[in-house]
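These notes are about the structure you will find just below.
Just so it is clear, none of the values below were taken in a lab; they were calculated from the coordinates. What you see is a predicted model, and the numbers here were worked out from it, not measured in a lab. For neighbour counting, all protein chains shown are included, and Cβ atoms are generated from backbone atoms with ideal geometry for every residue, glycine included.
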Amino acid sequence: MIVDRSKCKSCGFCELVCRSKECVECLACYYSCPFEARKIEEKKKKEEKVTIFFDDLRFEVPKTTVAKALQTIGFKFKDPGNEPSLSCKTGGCWSCALLINGKVERACITPVKDNMKISFGEFEPRRIIHGPEPHLVGGKATPWWEVDYLHYVEAAVWTAGCNLRCPQCQNYTVTYDNFSKALSPKEAAELLAFCHKTYRTKGVAISGGEPTLNRKWLVKFFRELSKITEKRVRRHLDSNGTILTRDYVDELVDAGCNNIGIEPKCVSVETYMKITGLDDKELASKYLENAWKIAKYICDEHSGVYLGIGLVYNSALVSFEEIAEAGEKIAKISGEVQVTVLDYFPAFRRRDLKRPSYEEMIKVRSILEGQGLKNVVVQTVRGHVTPHNRR
């Protein structure tokens with residue numbers, strides 16, 4: 001890993017996410033640098049070996065991260081949504097956590113050391129979260145009629161770690177945070193419930209990053225939250241929908257989640273790759289298809305869950321024609337479902353984006369309503385515009 005000094009702004013974020021004085025190629029600094037100043041340099045170097053003990057068996061492995069070292073001896077991590085898995089690969093989601101020298105630590109960013117002892121074991125799942133904070137607007141599935149910009153509609157937390165690499169990430173300091181204290185599901189639920197009661201919000205919410213990456217943590221979080229909030233309270237999950245499965249959704253609903261926002265963002269794989277920063281077309285296609293399928297499943301099979309579907313718009317990324325195509329696709333799921341469209345603005349690595357005008361976003365809403373959608377909300381420079389022209 002090298003630094004392009006012409007791009008580096010000395011913001012210090014790479015130093016916060018780095019877990020080793022000597023580069024072990026975890027790539028956390030590479031993905032999180034907001035100025036793309038970190039570069040991967042292919043170099044031939046003498047491979048150093050260290051001894052580790054994995055489940056009491058002795059192995060010689062390269063001096064790299066625990067995750068990569070385990071992979072060299074044949075260990076296979078599970079798919080995201082199951083643990084242990086390499087989900088965000090930057091240390092925020094804690095879904096790759098193992099017992100390392102008797103302590104719970106993340107395999108993806110922890111460097112191996114000589115005589116290190118690694119095992120599975122039983123431990124409480126944990127996750128880095130930001131917040132809680134009272135929120136005036138809410139997320140993709142916050143019922144539009146509750147938002148008046150005067151009263152807090154939700155108490156929210158945001159999880160670190162994401163499986164996407166959106167260059168215009170509007171929450172990157174949360175998404176790539178791997179250094180803040182990780183909390184248990186109960187600790188996070190208690191903090192959120194306290195915020196909800198303090199500000200008398202109608203709902204509680206978890207967003208990200210991508211909350212679904214650590215399944216054990218998230219399911220237990222909703223279970224704990226359901227114990228300490230009243231039944232009438234909305235318990236809202238905002239997700240990109242990429243790794244949710246039917247049984248995962250069923251488990252979340254059973255745990256008390258009654259409000260879900262799914263954001264497929266667009267309909268074209270090429271557009272999706274441009275938005276998400278994914279360069280693997282097969283993976284991007286899989287993620288996009290899954291997000292649409294899971295939104296339909298929730299609508300068809302969980303009538304008690306309030307569903308919202310999220311799209312995005314910026315003329316540099318998405319065309320009006322594709323917005324129309326997305327509207328047609330949603331109308332086939334349900335014309336009644338709430339659709340929220342974010343107007344992507346300059347952020348993270350896409351500071352050259354021009355925020356869509358108010359008039360553009362009103363046209364987006366008109367296009368979607370023209371496809372038969374009755375509950376369209378668009379984010380604009382003047383605030384959110386909802387059905388019946390409420391702002």
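Here the spin labels are modelled as points 7 Å beyond Cα on the Cα-Cβ line, and at residue 281 and residue 1 they lie 3.1 nm apart. Counting neighbouring beta carbons within 10 Å and listing from fewest to most, the residues 271, 142, 276 come out as 271, 276, 142. Of all aspartates and glutamates in the structure, the ones whose alpha carbon falls short of 15 Å from that of residue 103, not counting any fewer than 8 places away in one chain, are 55, 122, 124.
Taking a ≥ b ≥ c as the square roots of the eigenvalues of the alpha-carbon gyration tensor, the range 259-308 is classed prolate because a/c is 1.5 or more and a/b outweighs b/c.
Legend: P(r) of the range 1-60 from all alpha carbon pair distances, 10 Å bins from 0, whole percents, reading 19, 40, 25, 13, 3.
Of all DSSP bridge pairs formed entirely within the range 127-389, close to 30 percent run antiparallel. Protection proxy ranking for 369-377, 36-44, using the average of other Cβ atoms within 10 Å per residue and placing the highest first: 369-377, 36-44. Exposure proxy for 159, 72: other Cβ atoms within 10 Å of each Cβ, ordered fewest to most, give 72, 159. With a threshold of 22 Å on the Cα-Cα distance, the over-threshold entries among 293/329; 329/374; 78/265; 89/186; 140/202; 39/117 are 78/265; 89/186; 39/117. The Cα atoms of the range 127-389 give a gyration tensor whose axes a ≥ b ≥ c have a/c under 1.5, which makes the shape rounded.
From helices alone, the chain scores -9000 deg cm²/dmol at 222 nm; the rule is -39500 (n - 2.57) for each run of n ≥ 4 DSSP H residues, then divide by the residue total. Under the shape rule built on the C-alpha gyration tensor, where the axes satisfy a ≥ b ≥ c, the range 270-391 is oblate, since a/c reaches at least 1.5 while a/b does not exceed b/c. Summing Lys and Arg as +1 and Asp and Glu as -1 over all other residues whose Cβ lies under 13 Å from the Cβ of residue 346 gives a net charge of +3. Straight-line reach from residue 43: which aspartates and glutamates have a Cα under 16 Å away, not including same-chain ones fewer than 8 places off? Filter leaves 22, 25. Going from the residue with the fewest nearby Cβ atoms within 10 Å to the one with the most, 110, 64 rank 64, 110.
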